[in-house]
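The values are calculated or read from the model by the stated rules, or taken from the named source; none is laboratory data. Quick caveat: nothing in here was measured; it's all calculated off a predicted structure. Ideal geometry is used to build each Cβ from the backbone, glycine not excepted, and the neighbour counts take in all protein chains shown. Remember, those area values only see protein heavy atoms, side chains included, never the ligands or the DNA or RNA. Shrake-Rupley method; radii C 1.70, N 1.55, O 1.52, S 1.80 Å.
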Number of protein chains: 2
Amino acid sequence: MKLSPYTAVIENVRPLVDGGRYPVKRITGEPLVVEADVFKEGHDVLSCVLKWRKLGAKAWHEIPMDCVDAWNKDRWRASCTFSAEGPHEFTIEAWGNIWKSWQHEFEAKFNAGERPLKSETLEGAAFVRNAAELAKARGAKADAERLAWVAREMDTATAERANEFAHSADLSAMMWTYADRSLSTEFVSTFEDTPALFPANHRAAARYPFVWVDRAGAGFSAWYEFFPRSAEGHADRGSKFRDCLQRVDYAKDMGFDVIYFPPIHPIGVTARKGRNNSVTCQPGEPGVPYAIGNRHQKCPNGGAHRDVAPELGTLEDFRWLVGEINKRGMEVALDFAVNCSPDHPYVHDHPEWFYHRPDGSIKYAENPPKKYQDVYPMNYHCETWREMWSELAGVIEFWCEQGVRIFRVDNPHTKPVHFWEYLISRVQTRFPDAIFLSEAFTRSKMMRALAKVGFTHSYTYFTWRNTAQGLREYFNELAHSESAEYMRPNLWPNTPDILPSYLQFGGRPAFEVRAILTTTLAPVYGIYSGFELCENEGIERKHWDAAGDVRGFLALCDGDYKQLAREEYIDSEKYQFKGRDWNQPGIRALFRKLNHIRKENLALQQFRNLYFQHSDNDLILAYSKVADGNRLLIIVNLDAWHPQESMIHVPLESFGLGEHQAFEVEDLLTGEKFQWKGRRNYVRLAPGERAGHIFRIRP
Amino acid sequence: MKLSPYTAVIENVRPLVDGGRYPVKRITGEPLVVEADVFKEGHDVLSCVLKWRKLGAKAWHEIPMDCVDAWNKDRWRASCTFSAEGPHEFTIEAWGNIWKSWQHEFEAKFNAGERPLKSETLEGAAFVRNAAELAKARGAKADAERLAWVAREMDTATAERANEFAHSADLSAMMWTYADRSLSTEFVSTFEDTPALFPANHRAAARYPFVWVDRAGAGFSAWYEFFPRSAEGHADRGSKFRDCLQRVDYAKDMGFDVIYFPPIHPIGVTARKGRNNSVTCQPGEPGVPYAIGNRHQKCPNGGAHRDVAPELGTLEDFRWLVGEINKRGMEVALDFAVNCSPDHPYVHDHPEWFYHRPDGSIKYAENPPKKYQDVYPMNYHCETWREMWSELAGVIEFWCEQGVRIFRVDNPHTKPVHFWEYLISRVQTRFPDAIFLSEAFTRSKMMRALAKVGFTHSYTYFTWRNTAQGLREYFNELAHSESAEYMRPNLWPNTPDILPSYLQFGGRPAFEVRAILTTTLAPVYGIYSGFELCENEGIERKHWDAAGDVRGFLALCDGDYKQLAREEYIDSEKYQFKGRDWNQPGIRALFRKLNHIRKENLALQQFRNLYFQHSDNDLILAYSKVADGNRLLIIVNLDAWHPQESMIHVPLESFGLGEHQAFEVEDLLTGEKFQWKGRRNYVRLAPGERAGHIFRIRP
């Protein structure tokens, strides 16, 4: 008969997302610090271990947990790391440690002068004998013999001799190795709602708290987005995959490592949009890559999501490009947009996957009174939803088979959250190195829900955070709230859809400020091509006197930015071929420098080490990042129009500096070195001269 | 094929104890306010309802949920109450409301001047026709006909006519009643770790968040504890059950409604303790009722936990006493102490339930170097633990069968937490009106864990909270932290084991202060007999000049009270017959008044309505309680030695008073009335004259 496993209480386990319903995320090698309340009845000494393993493995790794501090004896902590990517689980095992309890009891009686303690000594001998048997059963012959010898010694030992055994560190270590855990308790967290619907979901198999471990690239990367048809910058015709290498090398030269392409699939012709989002389209206009599918084009897979647009080349051309990019130590990210043009083969082959009007015709997308006649939304809850969900997951698997592992997902918040849980867990079962970026600029709960169900990265509100207060509050939430356990920011200062007012009205100095913030606030970021060229002409071609009231302007940028301007590009290349001189210098040199600094400084390759520091001047933002002795203090002038100066608080403790110690700060952007001292030091930053400092501190 | 149920996300549900692992507790009639984040993809209008039912019932009650506020559209709230005691469950159901979505879309297009909106009108007609079918299926013939008529009208309606239908409140109401919920999502929270081990656990059957509903008496009661053998107060001999009525009437006269008896079972003779905890016992000494079991006495059930001590009478006498107490509108609470004397029949019949020395003898309780030779601890994890746990649960069921429904459990924190989960859920399956009080004065996590697994009431640290800050912080935690959802305080100013220093050194005024705090801070409380007589002689007969430094003394009482005195009674009746003059007046009149006030004022019958108010003087504590128009402001002078005065903050808003309005406060203790005005008012309280005010506010 099984003994009761209920010997200890293990609760309030952290981290645990929604009580264990969703996985915690980690990168290979990144520590997972686990804490829990662990206690049991009575006076026994408690022991507990943190255990972890790859899902499906039998053997656990384990490490003893320690009390968090002397004042909180019921709170235990330990940490572990994961060497492989993919699904893992962890748990806590706790038990009343009979040997330690015996030691305490024996010592108390011995010190109180009780003798001969015969019964107590024999009890100890029995525990040691039990350990000897466990050692024998595990095949540890030498240990078994050693323990058996101790047990025999204790059978006839005086109290004084037994007391020596009670204090033997060697014996204690062996008694830990062969501890009697027959009465241990294990923490479990199993939910029943997943298995039936998501047979491919790893979570369904996990009885214990679940950890999804991503490869290193998921934690640190720099993305460069460009439209393949714009690779050469011709205003009158598009480039092809075979023309893209020059642009790839250009990005590599700046230090980027992911090349992200907007959709590369056939583009619909029905209701095709013209330049600047015109509802009519002139002959020869290339269309919007987000209106996907054209069964009238001759494509091996019917002109749908498994094809590339013939005007870009063939699937083989694409695979060639992927290979070339990989050869350069870079990766490709593809866009996954479930936007079907009226010409998409799905519309023809699976009309039941779409919404219908009473007359039987298919409904196009609307947000009344706006109409999007070039896109048909899909019905994720139609009768054949399983088939449809499976087909869409198959699209991603297809591109994985072509060598792609990164997917930027367009507007995931307009599809069911659980669809993504299904799709991502299915894809990652076959391709655990697949990375998904959620492009959801929407309410924060939805953004978090998408991250919980599996998205590796998330777009953020960073794009609209320009004041020191706005940046501090938002990044403290991202780095230090519970959501940091599962949501990883991927920072974008611009996108093909978003040209923020700060860039529109701040000019090149504003681009420099955003470049430094983007590359140093978080380890994963990206820019949309043209950012490095300081392209900033908005669709309204407006002007705004930002310099006249910088604080007021920044506050509007963070809040009611629609008062300032429509944040869209004029002549957006979403709708047209775009002429562009790729040879302008722009701020390419700055990116070359920033990406180099990121690669050389471990502190910039982590996120949750971000701590804001006090600056007397609220137009200067200061933050520190420390990792394994790499100590950085970053200071940015948010005012792109005027010089600003401030006293900056230096976190001496986290830099390992004494109160009155002098220390050297080296600006990694310029190589300049300064002598600083104490907690408060002076900086001055002038737009045009320098947008910020990236100080490396050496004691 | 089943349609996808994953149409909405429902998360962050509150209240939920440990993610749903343990039940939330409520009293019949007490509101349960449920909140959750609910949202879905896209632009559909969302609807959601709170649903609840008794466990095992098929039909749900339901009520629509509302957005918490205009700024938090993803947070929804509703509340419900439960009329029956026992296990209940609740959940949230959410769906995309196609009718409301249609209304919004139709209105937007109509207002934008689009005509003729034929397709849109037909779509609306189809929704109404669908509702007509649902009404028909449910047998609502009139509604079905009405809806079918509307659908036919809409088939041929102009846009203007359709717009009238879109704005019809009647139609909206019917479309809510017959809403299409085929694509709704329900919140579930199922854990797998309970069923196998606890077949009797209600929780195992619950797929949804679980609520345990207690009878009204669990939420409001006043306990009076006395030893039956002390009923008459003879110093040389014990009283019997048949002698107890006088004491019961005495408690009833003071307004108590629960009579709590320490253990009434046979007392062991082996190693019996003598007066003042002496390890030797003189002939004729009665022994400690907590050393339970004497198989040498002639008892119908062997002299164990199912027997009463013959010196108190027979089981029939006990049942007679229970009957008499019930006739007076009062109840009996019994003590459940799993302390076996060496003479307990278990020791003879089930030696395997105890711990053994290497020589085979049974181990007595120890906390080295202290020894408790008169008690054998039980081994809850022995080979036959299931049988043992079941036997102990059977003891409680036995006393339930004798008419007892309240059990005060001695030292539950020295037994496994999960044992109590098993025992309480098993007993409450048969006796849902059973109440369990946890006597655990230990670390707060263990106290909370015991409350989570089922204890109805918990002893608290109130006994050692005497400063205003200490009382405020602790009661804010009890009333307003997450633990308030499952842990109900039962306040005791003294127990047979605890005579707090404040009472030892504060004399009668201190008893008055504690009496007012005890009866008004929480709706459930108790006193151990002698409190009403101001008995305060400690085992050390020490004196302490508390008056010389009141703040310092109170701080020691809250903290390092062992510096002051051993907090035990001299000549404790745990160990001896106790002579006592029950006719001293003491503060019986004060209790008569306080218990009357409690019964007349609904605000004192609730707990989570407790809010502390500012007092300029930190020796005066002020707090308000409001319930259904019953508005109280309680002000207590914590200084038992000197008069104190203070300005007191009056929470005008919660009392429904205007800023400059005069209002009357009536002291319910004295009947005096005062005219007050505004937020700050003056009080003066002098020990001996009055310890506090219980003001009732009338606008």
Contacts under 6 angstrom Cβ, first residue in segment A:117-130 being more than 9 Å from chain B (Cβ to nearest Cβ) and of a type outside the set (Val, Ile, Thr), partner part of a helix (DSSP H, G or I) and open to solvent by 50 Å² or more (accessible area, probe 1.4 Å), 6 or more apart: A:Phe127/A:Ile98
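Residue by residue through segment A:382-411, note down the ones that are within 14 Å of chain B (Cβ to nearest Cβ) and out of contact with any strand residue (DSSP E or B) (no Cβ under 9 Å at 6 or more places or on another chain).
Hits for segment A:382-411 are A:Glu383, A:Thr384, A:Trp385, A:Arg386, A:Glu387, A:Trp389, A:Ser390.
Does B:Lys298 satisfy the condition of being touching a strand residue (DSSP E or B) at 6+ places or on another chain (Cβ under 9 Å), open to solvent by 10 Å² or more (accessible area, probe 1.4 Å), of a type in the set (Lys, Arg) and assigned by TED's automatic domain parsing to the domain that holds B:Gln246?
On the way: touching a strand residue (DSSP E or B) at 6+ places or on another chain (Cβ under 9 Å): no; open to solvent by 10 Å² or more (accessible area, probe 1.4 Å): yes; of a type in the set (Lys, Arg): yes; assigned by TED's automatic domain parsing to the domain that holds B:Gln246: yes.
The answer is no for B:Lys298.
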First in segment B:310-327 and under 27 Å from B:His296 (Cβ atoms), second anywhere and crowded, with 17+ Cβ neighbours inside 10 Å and acidic (Asp, Glu), Cβ under 8 Å, 6 or more apart: B:Leu315/B:Asp307
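From the residues in segment B:107-121 that are surrounded by fewer than 12 Cβ atoms within 10 Å (Cβ to Cβ) and outside any helix (DSSP H, G or I), which one is nearest to the chain's Cα centre (by Cα)?
Residues of segment B:107-121 that are surrounded by fewer than 12 Cβ atoms within 10 Å (Cβ to Cβ), as a first pass: B:111-113, B:115.
So of that shortlist, the ones also outside any helix (DSSP H, G or I) come out as B:112-113, B:115.
Numbers: B:Ala112: 57, B:Gly113: 60, B:Arg115: 62 Å.
Restricting to residues being surrounded by fewer than 12 Cβ atoms within 10 Å (Cβ to Cβ) and outside any helix (DSSP H, G or I), the top hit is B:Ala112.
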Unique match (being loosely packed, with under 15 Cβ neighbours inside 10 Å and either over 22 Å from A:Glu107 (Cα atoms) or of a type in the set (A, V, I, L, M, F, W, C) (or both)) among A:Ala132, A:Ala137: A:Ala137
Matching residues, segment A:643-661, being open to solvent by 30 Å² or more (accessible area, probe 1.4 Å) and part of a helix (DSSP H, G or I): A:Glu653, A:Ser654
Members of segment A:23-45 that are more than 9 Å from chain B (Cβ to nearest Cβ) and assigned to a loop (DSSP other than H, G, I, E, B): A:Pro23, A:Thr28, A:Gly29, A:Glu30, A:Pro31, A:Asp44, A:Val45
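Return the residue satisfying two criteria in turn: it lies in segment A:47-78 and is aliphatic (A, V, I, L, M) and closer than 17 Å to A:Val13 by Cα, and of such residues it is surrounded by the fewest Cβ atoms within 10 Å (Cβ to Cβ).
The initial filter retains those residues of segment A:47-78 that are aliphatic (A, V, I, L, M), namely A:49-50, A:55, A:57, A:59, A:63, A:65, A:68, A:70, A:78.
Those still in the list that are closer than 17 Å to A:Val13 by Cα too: A:49-50, A:63, A:65, A:68, A:78.
Numbers: A:Val49: 21, A:Leu50: 24, A:Ile63: 13, A:Met65: 23, A:Val68: 15, A:Ala78: 21.
My answer is A:Ile63.
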Residue list for segment B:508-540, filter: open to solvent by 20 Å² or more (accessible area, probe 1.4 Å) and either in a helix (DSSP H, G or I) or touching a residue at least 60 places away in the same chain (Cβ under 8 Å) (or both): B:Arg508, B:Pro509, B:Glu512, B:Ile539
Within segment A:205-240, considering residues that are open to solvent by 50 Å² or more (accessible area, probe 1.4 Å) and of a type in the set (Lys, Arg), the one farthest from A:Ile27 (Cα to Cα): A:Arg237
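Among the polar types (S, T, N, Q) and more than 14 Å from chain A (Cβ to nearest Cβ): which single residue out of B:Ser361, B:Ser341 fits that description? Quick ask: steps written out before the conclusion?
On the way: B:Ser361 fails: more than 14 Å from chain A (Cβ to nearest Cβ).
Selected residue: B:Ser341, the only one of B:Ser361, B:Ser341 that is among the polar types (S, T, N, Q) and more than 14 Å from chain A (Cβ to nearest Cβ).
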Residue within segment A:66-79 that is basic (Lys, Arg), part of a strand (DSSP E or B), out of contact with any Leu (no Cβ under 7 Å at 6 or more places or on another chain) and within 14 Å of chain B (Cβ to nearest Cβ) present: yes
Residues of segment A:50-65 satisfying the condition of being within 23 Å of A:Gly86 (Cα to Cα) and outside any loop (DSSP other than H, G, I, E, B): A:Leu50, A:Lys51, A:Trp52, A:Arg53, A:Lys54, A:His61, A:Glu62, A:Ile63
All positions within segment B:605-638 that are modelled with pLDDT under 95 and aromatic (Phe, Trp, Tyr): none
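Output the residue which, of all residues in segment B:608-621 that are in a loop (DSSP other than H, G, I, E, B) and open to solvent by 30 Å² or more (accessible area, probe 1.4 Å), is nearest to B:Trp641 (Cα to Cα).
Going through segment B:608-621, the residues in a loop (DSSP other than H, G, I, E, B) turn out to be B:608-610, B:614, B:616-619.
Those left that are additionally open to solvent by 30 Å² or more (accessible area, probe 1.4 Å): B:608, B:614, B:616, B:618.
On the way: B:Arg608: 31, B:His614: 22, B:Asp616: 19, B:Asp618: 15 Å.
Looking at residues that are in a loop (DSSP other than H, G, I, E, B) and open to solvent by 30 Å² or more (accessible area, probe 1.4 Å), I get B:Asp618.
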Unmet criterion (only one of (1) of a type outside the set (A, V, I, L, M, F, W, C); (2) without any contact (Cβ under 8 Å) to a residue 24 or more places away in the chain; (3) touching a strand residue (DSSP E or B) at 6+ places or on another chain (Cβ under 9 Å)) for B:His480: (2)
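Can you work out which of the residues in segment A:567-607 that are of a type in the set (A, V, I, L, M) and within 22 Å of A:Val650 (Cβ to Cβ) is most open to solvent (accessible area, probe 1.4 Å)? Full working, then the answer.
As a first pass, look at segment A:567-607 and keep what is of a type in the set (A, V, I, L, M): A:570, A:587, A:589-590, A:594, A:597, A:602-604.
Checking which are within 22 Å of A:Val650 (Cβ to Cβ) leaves us with A:597, A:602-604.
Numbers: A:Ile597: 7, A:Leu602: 66, A:Ala603: 0, A:Leu604: 1 Å².
Filtering segment A:567-607 for residues that are of a type in the set (A, V, I, L, M) and within 22 Å of A:Val650 (Cβ to Cβ), the one most open to solvent (accessible area, probe 1.4 Å) comes out as A:Leu602.
Scan segment A:10-18 and give yes if some residue there is within 14 Å of another protein chain (Cβ to nearest Cβ), assigned to a strand (DSSP E or B) and within 30 Å of B:Thr384 (Cα to Cα), otherwise no. It would help to see each step written out before you state the result.
The initial filter retains those residues of segment A:10-18 that are within 14 Å of another protein chain (Cβ to nearest Cβ), namely A:10-18.
Narrowing the set further to residues that are assigned to a strand (DSSP E or B) leaves A:10-14, A:17.
Filter once more, so that each one left must be within 30 Å of B:Thr384 (Cα to Cα): A:10-11.
Checking segment A:10-18: at least one residue is within 14 Å of another protein chain (Cβ to nearest Cβ), assigned to a strand (DSSP E or B) and within 30 Å of B:Thr384 (Cα to Cα).
From the list A:Glu89, A:Glu93, which one is within 30 Å of A:Ile424 (Cα to Cα), within 43 Å of the chain's Cα centre (by Cα) and among the acidic types (Asp, Glu)?
Every option except A:Glu89 fails the conditions.
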Answer residue from segment B:166-180, given it is open to solvent by less than 20 Å² (accessible area, probe 1.4 Å) and in a helix (DSSP H, G or I) and is nearest to B:Glu107 (Cα to Cα) among those: B:Ala166
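Would you confirm, using the coordinates I've provided, whether A:Trp353 is of a type in the set (Phe, Trp, Tyr) and open to solvent by less than 30 Å² (accessible area, probe 1.4 Å)? Can you show your working first?
On the way: of a type in the set (Phe, Trp, Tyr): yes; open to solvent by less than 30 Å² (accessible area, probe 1.4 Å): yes.
Spelling it out, A:Trp353 is indeed of a type in the set (Phe, Trp, Tyr) and open to solvent by less than 30 Å² (accessible area, probe 1.4 Å).
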Helices (runs of 4 or more DSSP H) wholly inside segment B:412-495 containing at least 2 residues that are within 14 Å of chain A (Cβ to nearest Cβ), crowded, with 19+ Cβ neighbours inside 10 Å and modelled with pLDDT of 95 or more: B:444-452
Near pairs, Cβ below 6 angstrom, 6+ apart or cross-chain, from segment A:597-620 (free of Cβ contacts under 8 Å to residues at least 60 places away in the same chain) to any residue that is open to solvent by 30 Å² or more (accessible area, probe 1.4 Å) and in a loop (DSSP other than H, G, I, E, B): A:Leu602/A:Asp628
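Out of curiosity, is A:Ala640 out of contact with any strand residue (DSSP E or B) (no Cβ under 8 Å at 6 or more places or on another chain), in contact (Cβ under 8 Å) with a residue 24 or more places away in the chain, surrounded by 18 or more Cβ atoms within 10 Å (Cβ to Cβ) and closer than 26 Å to A:Leu554 by Cα? Outline the logic, then answer.
Numbers: out of contact with any strand residue (DSSP E or B) (no Cβ under 8 Å at 6 or more places or on another chain): yes; in contact (Cβ under 8 Å) with a residue 24 or more places away in the chain: yes; surrounded by 18 or more Cβ atoms within 10 Å (Cβ to Cβ): yes; closer than 26 Å to A:Leu554 by Cα: yes.
Answer is yes for this residue.
Results for (1) basic (Lys, Arg); (2) over 19 Å from A:Val38 (Cα atoms); (3) touching a helix residue (DSSP H, G or I) at 6+ places or on another chain (Cβ under 9 Å); (4) not assigned by TED's automatic domain parsing to the domain that holds B:Phe318, shown as yes or no for each residue.
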| site | (1), (2), (3), (4) |
| --- | --- |
| B:Pro377 | no, yes, yes, no |
| B:Gly403 | no, yes, yes, no |
| B:Phe407 | no, yes, yes, no |
| B:Pro412 | no, no, yes, no |
| B:Leu437 | no, yes, no, no |
| B:Lys452 | yes, no, yes, no |
Flag for A:Arg203 being at pLDDT 90 or above and more than 11 Å from every other protein chain (Cβ to nearest Cβ): no
